[in-house]
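Everything below concerns the one structure shown next.
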Amino acid sequence: MNRRHLLGGAAALPLAAIRPSVGRAQSGISDGVVKIGVLDDMSGVFADQQGMGDVVSARMAVEDFGGRVNGMPIELVYGDLQNRPDVGLSIARRWYDQEKVDAIFGLGNSAVALAVQNLAREKQKIDVVVAAGTTDLTGKDCSPYGVHWTYDNYALSRGTVGAVMQGGGRRWYFITSDYAFGHSLEANAVAVIRQLGGQVVGSSRAPLGETDYSSHLVRAAGSGANVVGIAAAGTDFINIVKQMGEFGLNRRGIQPAALLCLLTNIKAIGLDTAQGMVFTEAYYWDQNDQTRAFAQRFQRIHGRPPTMFQASMWGAVTHYLKAVQAAGTDASEPVMAKMRETPINDFMTTNGTIRADGRVIRDMYLMRAKQPSQARGEWDLLEVAQTIPGNEAYRPLAEGGCPLVR
């Protein structure tokens, strides 16, 4: 997949290329088409866990919807945000202004997500953040047109930090990705640690895409910590965990705390190293018949089961299309009203809701990596240790500082 193709926002559904000459007055659909954009990391450290897998899932949602809504075709475009706010913002601006994209999904980098949500608010356009974690999206930077769909850093920290501290992890050292996501994840985790009576003994920040974490791990080893809180994701997270093993931190009783971990990360690390690791997720492919059925369909196309981001992309796009259908238009305000008033029910969510600050409330799950002897197949890597009810998983509405909440 070449960079020009991705940056250009190539249409991914041939059936949407033909637009019938039915105007807005008749259909309620602007430009005779409902146009959806998936803007994600397609080539960097997060590509494995979002990337083209998110596009596959969005395409499945459009096809499952019949390729049309209210008689009008649905068109899907996608682009590579390159983990750079200037690049992501440029693509989003072009999509909204020139290519008439109605809603942007994905936004799998917190700095990019914040920039695009601010643009979407200005343009009165919808953005649905599937893969970024910063809680500012539903706090000071919330938007009446923004939805934070899958998870956030508060929910991750609440579940994982509590479990690690129950297991004796009381003294923490953080290795943090030095941008909006890492800062938010560390801040949320530190708040929980202090609330539970733990101690933060040190921290260091690493640039996104760092490959050598030796200096950070030496500082962690000498800090007196018995937990390394990893406020990083994707390839960065994988490299930190692997290098902790290589430097012998695990043998010295210093455990990694996986503040954001996904199925593909555990596969890359391997169960020999990852066994027993606990972390918080919104979805696992082998939870029940519905999750397995979707995963099997996805795997036939993409070659492996979906991550929680890739799975939840299907639900996000489907919920948006249902709202367009119910509203009879793709205009942002009536569509957002329908999205908020309609319960979210799909293979990974039961009676989910969208709060006034844009936060989707869904159950979360404390996952545990299996021992190698427990794995029955290539992707049989995890087990659900605990269900965290949605009303307990997320930051209370009154504490976020969203200007929309009165």
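No value in this document is a laboratory result; all are computed from the given coordinates. Model, not experiment: these values are computed from the prediction. Cβ placement follows ideal geometry from the backbone for every residue including glycine, while neighbour counts extend to all protein chains displayed.
Descriptive notes on the structure:
- For the stretch 171-302, the fraction of alpha-carbon pairs in successive 10 Å shells from zero, as %: 12, 41, 31, 13, 3
- Tail weight of P(r) past 42 Å, computed on alpha-carbon pairs of the chain, percent: 10
- For the chain, built as a Gaussian network whose Cα springs stay under 10 Å, the top-fluctuating residue of LEU262, LEU271, LEU81: LEU271
- Environment charge of THR318, counting only residues whose C-beta is closer than 9 Å and scoring Lys/Arg +1, Asp/Glu -1: -1
- The C-alpha atoms of the chain define a longest principal axis, and helix 110-123 lies at about 30 degrees to it.
- Phi-derived couplings, Karplus 6.51 cos²θ - 1.76 cosθ + 1.60 at θ = phi - 60°, listed residue by residue for the stretch 283-289: 7, 9, 4, 9, 6, 7, 4 Hz, with x used for Gly and Pro.
- Taking the square roots of 5 times each eigenvalue of the Cα gyration tensor of the stretch 169-209, largest first, gives ellipsoid semi-axes of 20, 11, 5 Å.
- Estimated dipole of the chain in Debye, rounded to 20 [Cβ of Lys and Arg +1, of Asp and Glu -1, Cα centre]: 240
- Both numbers refer to the Cα atoms of the stretch 118-203; Rg and Dmax are 15.0, 49 Å.
- Other residues within the sphere of radius under 9 Å centred on the Cβ of ARG121, judged by their own Cβ, net out at -1 (K and R +1, D and E -1).
- Antiparallel DSSP beta bridges within the chain, as percent of all bridges there, nearest 5: 35
- Near LYS370: Cβ cut-off under 13 Å, other residues only, Lys/Arg at +1 and Asp/Glu at -1. The net charge is -2.
- Considering only ASP127, ASP97, ASP236, the Gaussian network model of the chain with Cα springs below 10 Å gives its largest mean-square fluctuation to ASP97.
- Estimated D of the stretch 215-266 in µm² per second, where Rh is the Kirkwood radius over Cα pairs and Stokes-Einstein applies at 4 °C, 1.567 mPa s: 117
- Estimated FRET transfer efficiency (GLN371, THR350; beta-carbon r; R0 25 Å; 0.05): 0.25
- Size descriptor, Kirkwood hydrodynamic radius, that averages inverse alpha-carbon separations across the stretch 334-386, Å: 13.7
- Shown for the chain: cysteine residues without a partner Cβ closer than 4.7 Å, namely CYS261.
- Taking every C-alpha pair closer than 8 Å and separated by at least 6 residues, the mean separation divided by the residue count of the chain gives a relative contact order of 18 percent.
- Rotationally averaged projected area of the stretch 59-142 (alpha carbon convex hull; nm²): 5.8
- Values of log10 I(q)/I(0), in the order q = 0.11, 0.15, 0.21 Å⁻¹, for the stretch 231-331 under a Debye, Cα-only, solvent-free model: -0.46, -0.73, -1.08
- Under 17 Å from the ASP272 label point (7 Å along Cα→beta-carbon), backbone N, the stretch 346-389: 370-375, 378
- Taking TRP95, TRP285, TRP379 in turn, the Gaussian network model of the chain (Cα-Cα springs below 10 Å) assigns the largest fluctuation to TRP379.
- Available extension along the chain between ARG170 and ASP97 is 21.2 nm, counting 0.36 nm per residue and deducting the alpha carbon span.
- Along the axis of the charge dipole computed for the chain (Cβ charges of +1 for Lys and Arg, -1 for Asp and Glu, origin at the Cα centre), the listed residues VAL161, TYR365, ALA206 are led at the positive end by VAL161.
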